[in-house]
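Read through the structure below, which is laid out as structure tokens, and then see the notes.
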């Protein structure tokens, strides 16, 4: 995805979908926006408005944008997936990095991740719980991701999976899977290995260290 072309298209689409967000960056610098996002329910009924700032990564569109809620509308506690200074954890890093590897524009980020994140906070305030799946905090969330999404129910399996990707020593498609399931690799952990290979070695090395040391 060509960065200049992506940025030109992104600016036009952001104006169409989120007109209350104003482009604040100068030409030749990473895209930045500031302003408001109106949240409506599935029937189009207005719920509330959030004030945010949004910045594209230096390697746009192949990095993860940074978003900050600027009005303290969201309570600054870990259970609300927001830092004390308002930086939002809109999804687990692994999902965002995987998407960004293919190209992730700011408009896509807002539509697919930020808008549902903000809507879910409003749902939480009304119902006392989130509407969608919620990842746990810190390393517990990483373990949850590997357990539920990568089919790695324990640390041993996660470590073997990560080492196979990092060292490029996965079994061949028709060989038995490394996990001992007796299934062929292509029917077991091949999809998980291919997913992780798109994330980038930095995050995977961090995960491997955490699993080996049982900590962040």
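The values are calculated or read from the model by the stated rules, or taken from the named source; none is laboratory data. Note that the structure is a prediction, hence the values are computed from the model and not measured. Cβ sites come from the backbone with ideal geometry, for glycine too, and all protein chains shown count toward neighbours.
Tabulated data for the structure shown
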item: Condition met for residue 186 (outside the structural domain of residue 96 (by TED's automatic domain parsing), outside any helix (DSSP H, G or I), more than 22 Å from residue 95 (Cβ to Cβ) and more than 19 Å from the chain's Cα centre (by Cα)); result: no
item: Looking only at the stretch 70-90, and only at residues there that are touching a residue at least 24 places away in the same chain (Cβ under 8 Å) and crowded, with 19+ Cβ neighbours inside 10 Å, the one that is nearest to residue 48 (Cα to Cα); result: 74
item: Hey, residue 74 in contact with a helix residue (DSSP H, G or I) (Cβ under 9 Å, 6 or more places away or on another chain) and either farther than 14 Å from residue 110 by Cβ or in a loop (DSSP other than H, G, I, E, B) (or both) or not; result: yes
item: Filter result for the condition that a residue is outside any loop (DSSP other than H, G, I, E, B), assigned by TED's automatic domain parsing to the domain that holds residue 100 and without any contact (Cβ under 8 Å) to a residue 40 or more places away in the chain, over 8, 29; result: 8
item: Residue list for the stretch 115-163, filter: in contact with a strand residue (DSSP E or B) (Cβ under 6 Å, 6 or more places away or on another chain) and surrounded by 20 or more Cβ atoms within 10 Å (Cβ to Cβ); result: 118, 119
